[in-house]
C-alpha cells in the first residue's frame, strides 16, 4: 500500500490472525442466529416472570441531540400504549473511541432528524447549527428535577422549547415543573451515563429492554413488536406508534436523469443488508446508480470498540430479519480479503460488473460464510459475479483502487458523511438533493426523489 494512501487517512490497520478471524466469525454467526435471539428473549422473560417484575424499559436521553428530541416525542405514547414501567435517564453524548467524528455526528443528527421527523409524524425544526449551551443547561436542569413518573410527560415540551431556541418557554417550564441545581443536574447526567455504560452501550436516544438495545424512533418498531408478542400491548392489532416508513415512489419513475450514489464498504454489516435492495431500488426508480466504494472504517483508522461492534452486528441481523433479507452466516472479510477484492474492482467496473462483484463479495462474506481470505473463496466471489477467474489474475496487484476509494471517501466526507452505507441523490444538473447515512434511510431517498419528480412535472 502506497505511503501517499496512508497519509490520506486510508491505511488499513485491522488484519487479524487466521485463528482470530475464524473465532470472531463463529461467535458472531452464532449470536445472530434467529434461534439464539429467541433463546435470549425467552431467558430475559423467564427472569422477569420469576422476579415478579413489570416490563421495564430504560430510556437514555441526551439533551442536546436531535435523535433524542424525536424519541422524547414518543415517550408518552409508548407509556400509554404498552403495559410497561418506563425509566428515563439523562446521559452525555458518545465519548472516546465510540465517537470518532463527534462534530460531524452532532451536525448529521440535527439535519437528519429534521428530514426524517415527518416520516414518523413528528416535528423537528430546521436547526443546522449547534444549540445554545445556556439553553441546554436550563433544559438539563428541568429534566433532572423530574421524577421518573413525570419525565416522559415533560421531556417533549422541554425539548421542543430547547430546539426552538425559546428561552421564555424554558423559563416557564422551569417555573411550572421545577429545575435542579447545576450540581444536581450534573450528577443526574453522570448517573445516567454510568447506567448506560453498565449496560454496555454508548449512545443517546436509546431504549433498553430485556438485554437488548433499540436506537431511537428508527428501532422502536422492534421494541413494540417484542412487547406485543409478550402480551404487553394494550391495543393489540392497532398500528404501531413508530412503524418504519415505506420505500414508496407512489407510482413515479425517473428516466435516468437523477443519479443515486451509493457509498459502500465490503466489511459493513449494514451495507451487506441493504446493498442489493439499493441496487434494485435504483433500477425500479429509473435512476442512474453510481457505486462509490470506500474502505471499511477500521481500515481507514477509525476506531471501533467491542460494544459498538457487537451492537452494529446484532442490530444489522435484526434489521435483516425484519426485511426478510438473508444475513448472518459470517466470515469476517476485514483487512486482506477486502483489499484483494478492491484490487479487482476497477477491472470489474470496466466490464460493467463492479456492482456484481461487490454484491457477490458481501453475499459470500455475510450470508454464505465463505472465507474470502484465500484464493478458493475469492474465486467463488469472482465467478458468482459473472467474471472469469483466469482473466482476473493480472489485476490482483492493481493499486489504482487506492486513489479511487480515497477520492470516494473525500467526497463522502465533504457531504457531511463518514459511515456506510451512505447515499447521495443528485438532480439532472448533478446538484445534491439529499445526502444521508444509513441502511434505514432508503425510504427517505425514495421520498426525496418522488417529491423532486412531482415538482419537475408541475
Exercise. Could you grab me the full set of residues in the range 326-347 that are surrounded by fewer than 20 Cβ atoms within 10 Å (Cβ to Cβ) and within 30 Å of residue 221 (Cα to Cα)?
Key: 326, 329
Quiz item: Which residues, counting only those in the range 161-187, are in contact (Cβ under 8 Å) with a residue 40 or more places away in the chain and under 21 Å from residue 78 (Cβ atoms)?
Solution: 162, 163
Practice problem: From 386, 369, grab the single residue that is within 23 Å of residue 312 (Cα to Cα) and surrounded by fewer than 18 Cβ atoms within 10 Å (Cβ to Cβ). | Solution: 369
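Looking at 401, 437, which one is closer than 20 Å to residue 358 by Cβ, touching a helix residue (DSSP H, G or I) at 6+ places or on another chain (Cβ under 6 Å) and either touching a residue at least 40 places away in the same chain (Cβ under 8 Å) or surrounded by fewer than 20 Cβ atoms within 10 Å (Cβ to Cβ) (or both)? Talk me through it step by step, then tell me what you get.
On the way: 437 fails: touching a helix residue (DSSP H, G or I) at 6+ places or on another chain (Cβ under 6 Å).
Matching residue, one of 401, 437: 401.
If you take just the helices (runs of 4 or more DSSP H) that sit entirely in the range 22-128, which of them hold at least 3 residues that are at pLDDT 95 or above and closer than 26 Å to residue 441 by Cβ?
Values: elements: 34-51, 66-81, 102-116.
Those helices (runs of 4 or more DSSP H) span 66-81, 102-116.
How many residues, within the range 129-159, are assigned to a loop (DSSP other than H, G, I, E, B) and either buried (at least 22 other Cβ atoms within 10 Å of the Cβ) or in contact with a strand residue (DSSP E or B) (Cβ under 9 Å, 6 or more places away or on another chain) (or both)?
Start the filter on the range 129-159 by keeping residues that are assigned to a loop (DSSP other than H, G, I, E, B), which leaves 129-132, 145-147.
Filter once more, keeping what is either buried (at least 22 other Cβ atoms within 10 Å of the Cβ) or in contact with a strand residue (DSSP E or B) (Cβ under 9 Å, 6 or more places away or on another chain) (or both): 146.
Counting residues in the range 129-159 that are assigned to a loop (DSSP other than H, G, I, E, B) and either buried (at least 22 other Cβ atoms within 10 Å of the Cβ) or in contact with a strand residue (DSSP E or B) (Cβ under 9 Å, 6 or more places away or on another chain) (or both) gives 1.
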Quiz item: Has the range 178-192 got any residue that is within 23 Å of residue 84 (Cα to Cα), modelled with pLDDT of 95 or more and touching a helix residue (DSSP H, G or I) at 6+ places or on another chain (Cβ under 6 Å)?
Solution: yes
Exercise. Evaluate the following for residue 158: is it closer than 28 Å to residue 446 by Cβ and at pLDDT 95 or above?
Key: no
Self-check item: Pair list, Cβ under 9 Å, 6 or more apart: the range 34-51 residue in contact (Cβ under 8 Å) with a residue 12 or more places away in the chain, other residue surrounded by fewer than 12 Cβ atoms within 10 Å (Cβ to Cβ) and in a helix (DSSP H, G or I)
Solution: 41/229
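Which residue, of 311, 327, 331, is assigned to a helix (DSSP H, G or I), under 30 Å from residue 206 (Cα atoms) and touching a residue at least 60 places away in the same chain (Cβ under 8 Å)? Walk me through it before giving the result.
Details: 327 fails: assigned to a helix (DSSP H, G or I); 331 fails: assigned to a helix (DSSP H, G or I).
Checking each option against the conditions leaves just 311.
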Quiz item: Among the numbered criteria (1) closer than 16 Å to residue 426 by Cα; (2) part of a loop (DSSP other than H, G, I, E, B), which single criterion is violated by residue 266?
Solution: (1)
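Might you let me know whether the range 201-217 holds any residue that is part of a helix (DSSP H, G or I), touching a residue at least 24 places away in the same chain (Cβ under 8 Å) and in contact with a strand residue (DSSP E or B) (Cβ under 7 Å, 6 or more places away or on another chain)? Outline the logic, then answer.
Of the residues in the range 201-217, the ones part of a helix (DSSP H, G or I) are 216-217.
Next, from what is left, pick out any that are touching a residue at least 24 places away in the same chain (Cβ under 8 Å): 216-217.
Checking which are in contact with a strand residue (DSSP E or B) (Cβ under 7 Å, 6 or more places away or on another chain) leaves us with none.
No: zero hits.
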Practice problem: With the checklist (1) within 28 Å of residue 114 (Cα to Cα); (2) outside the structural domain of residue 85 (by TED's automatic domain parsing) in hand, flag the one item residue 189 doesn't pass. | Solution: (2)
Quiz item: Do you know which residues across the range 367-387 are more than 30 Å from residue 23 (Cβ to Cβ) and either out of contact with any helix residue (DSSP H, G or I) (no Cβ under 8 Å at 6 or more places or on another chain) or touching a residue at least 60 places away in the same chain (Cβ under 8 Å) (or both)?
Solution: none
Quiz item: Do we have any residue at all in the range 179-186 that's under 17 Å from residue 93 (Cα atoms) and outside the structural domain of residue 281 (by TED's automatic domain parsing)?
Solution: yes
Quiz item: Can you tell me which residue in the range 416-433 is farthest from residue 111 (Cα to Cα), limited to those that are modelled with pLDDT of 95 or more, in contact with a strand residue (DSSP E or B) (Cβ under 9 Å, 6 or more places away or on another chain) and surrounded by fewer than 19 Cβ atoms within 10 Å (Cβ to Cβ)?
Solution: 428
Quiz item: If only one of 240, 162, 220, 249 is assigned to a helix (DSSP H, G or I) and out of contact with any strand residue (DSSP E or B) (no Cβ under 8 Å at 6 or more places or on another chain), which one is it?
Solution: 162
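The values are calculated or read from the model by the stated rules, or taken from the named source; none is laboratory data. This one's a predicted model, so the numbers in the text were calculated from it and none came from an experiment. In this analysis, Cβ positions are derived from the backbone assuming ideal geometry, glycine residues included, and neighbour counts consider all displayed protein chains.
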